[in-house]
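The values are calculated or read from the model by the stated rules, or taken from the named source; none is laboratory data. Please read all numbers here as calculations on a predicted model, not as lab measurements. Using ideal geometry, Cβ is built from the backbone for each residue, glycine included, and neighbour counts are taken over all protein chains shown. Side chains included, ligands, DNA and RNA excluded: accessible areas come from the protein's heavy atoms. Shrake-Rupley method; radii C 1.70, N 1.55, O 1.52, S 1.80 Å.
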Amino acid sequence: MALLYDCLIIGGGIAGLQAAIQLGRYRHAILVIDSNAGRSNICRAYHNIIGWPSGISGPELRRVGRTQAESYGVEFIEAEVSHAGSHEEAFQVETRTGAVYRARTLLVATGLVDRIPDIEGIHACLGASVYVCPDCDGYEIIGHPTVVIGSGNVGAHMALTLSYWSDDLTYIDHERTGIDSAYREKLQAKRIPYMDVPVRRVLADGETITGVELANGRQFPFERGFVSFGGNIVRSQLAVDLGVTVLKNKHIPVDARTKETNVKGIWAAGDVVAHSEQVTISMGDGAQAAIWIHKRLMQQS
């Protein structure tokens, strides 16, 4: 029989790490199962977190967070969970290697994956000069010619959103899905050029975008970029397998106070939950869920 942990945390991103630190300080037996493929891995600099005015990268924040959690006895394994269920009044998960882990409570912090086409040169710039979240990084485009590479109305909406920070924007409809006349009129009113030509490659100097080359061979200079394609993958299927309710967009609704799902003993935190996708909110989610997980564990003891 597998060791019974107090809590299994599925996902070692920002929400999972913050919960692990809090639960570790309660001296609970905690295991974090992390596939190491989360969204925070691509961010080169979070600039909107108190204490890091010059920014801190996602990988560095994850590194220091894991070290901090481990100092409280939290265990980590790098694996992908393939199945989850209940067994003998405990939750049980199995990884793709066949390893089985059991716990009295479960925290789902599996996040989401942005849909980003495999355009040559784009991945080297992601999180450094090409961004995905206007609330996080809209500020970074101030004073810089910026390209929005996207798909249809989704990308047009992003360009219009970014016009709050800049009046030097260009929208390239990479997938050529077209935009509604209302969006076209709004782009024209904001003097945002619209191109329906695929991007062949992103031109860059290291991690800094310098321009784009289109499929027709034309090149245009830019200093910042955003991607907006829609269709992000919300990693909530594991929760669904456990009977957790999800919304139409696959995000998990949770109790506003406790972060517990509709299934007793299962909590959710971070970008997989229905809210603004912000690292600071993920931290708060993780801490709040951990507090209420602790309260439940104390009731069970």
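What to note about this one:
- Debye, to nearest 20: dipole size of region 256-300, +1 on Lys, Arg Cβ, -1 on Asp, Glu Cβ: 300
- Using the alpha carbons alone, the radius of gyration of region 185-237 stands to its Kirkwood radius in an Rg to Rh ratio of 1.08.
- Packing rank of 7-16, 186-195, 252-261, where each peptide gets the mean count of other beta carbons within 10 Å, highest leading: 7-16, 252-261, 186-195
- Compactness ratio for the chain: Cα radius of gyration over 2.2 N^0.38 Å (N = residue count) comes to 1.09.
- Summing Cβ point charges (Lys, Arg +1; Asp, Glu -1) relative to the Cα centre of region 36-180 gives a dipole of roughly 380 debye.
- Radius of gyration over Kirkwood radius for region 12-102, both on Cα atoms: the Rg/Rh ratio is 1.03.
- Percent carbon-and-sulfur accessible area, region 60-155, ignoring ligands, DNA and RNA, probe 1.4 Å: 47
- Ordering 164, 290, 141 by Cα displacement along the dipole of the chain toward the positive end leaves 290 in first place; charges were set at the Cβ atoms of Lys, Arg (+1) and Asp, Glu (-1).
- Once the C-beta distance of residue 25 and residue 218 is scaled by a Förster radius of 51 Å, the resulting FRET efficiency is 0.35 to the nearest 0.05.
- Measuring from each cysteine beta-carbon in the chain, the ones with no other cysteine beta-carbon under 4.7 angstrom are 7, 43, 125.
- Each Lys or Arg adds one and each Asp or Glu subtracts one; over the other residues with Cβ under 15 Å from the Cβ of residue 174, this totals -2.
- Label sites at residue 258 and residue 301, each approximated as a point 7 angstrom past Cα along Cα to Cβ, lie 1.8 nm apart.
- Only one residue of 197, 58, 9 has its Cα farthest out toward the positive end of the dipole of the chain, where Lys and Arg carry +1 and Asp and Glu -1 on Cβ, and that residue is 9.
- ³J(HN,Hα), Karplus 6.51/-1.76/1.60, whole Hz, each residue of region 192-198, x for Gly, Pro: 9, x, 10, 10, 10, 10, x
- Whole-number D in µm²/s for region 122-231 (Stokes-Einstein; Kirkwood sum over Cα pairs; 10 °C, 1.306 mPa s): 118
- A 1.4 Å probe run over the chain, with the rest of the protein chains in place, finds 47 Å² accessible per residue.
- Solvent-free Debye scattering, log10 I(q)/I(0), computed from the Cα coordinates of region 176-301 at q = 0.17, 0.19, 0.20, 0.21 Å⁻¹: -0.93, -1.02, -1.08, -1.14
- For the chain, the relative contact order is 21 percent, taking Cα pairs closer than 8 Å that sit 6 or more residues apart in sequence and dividing their mean separation by the residue count.
- Between residue 188 and residue 135, the modelled label-to-label distance comes to 3.3 nm, taking each label 7 Å out from Cα in the direction of the beta carbon.
- Distance (nanometres) between label positions extended 7 Å along Cα→Cβ at residue 50 and residue 87: 4.3
- Diagonalising the gyration tensor over the Cα atoms of region 249-301 and scaling each eigenvalue by 5 before taking the square root yields semi-axes of 20, 13, 6 Å, largest first.
- Cα-based convex hull volume of region 87-166 per residue, rounded to whole Å³: 175
- Taking 18 Å as the straight-line reach from the Cα of residue 259, the lysines in range (excluding those fewer than 8 positions away in the same chain) are 250, 295.
- Its Cα centre serving as origin, the chain has a Cβ charge dipole (Lys and Arg +1, Asp and Glu -1) of approximately 540 debye.
- Measuring r between the beta carbons of residue 245 and residue 208 and using R0 = 35 Å, the FRET efficiency lands at 0.20.
- Within the chain, DSSP assigns beta bridges of which about 40% are antiparallel (rounded to the nearest 5).
- Sorting 292, 52 on solvent-accessible area from highest to lowest, probe radius 1.4 Å, gives 52, 292.
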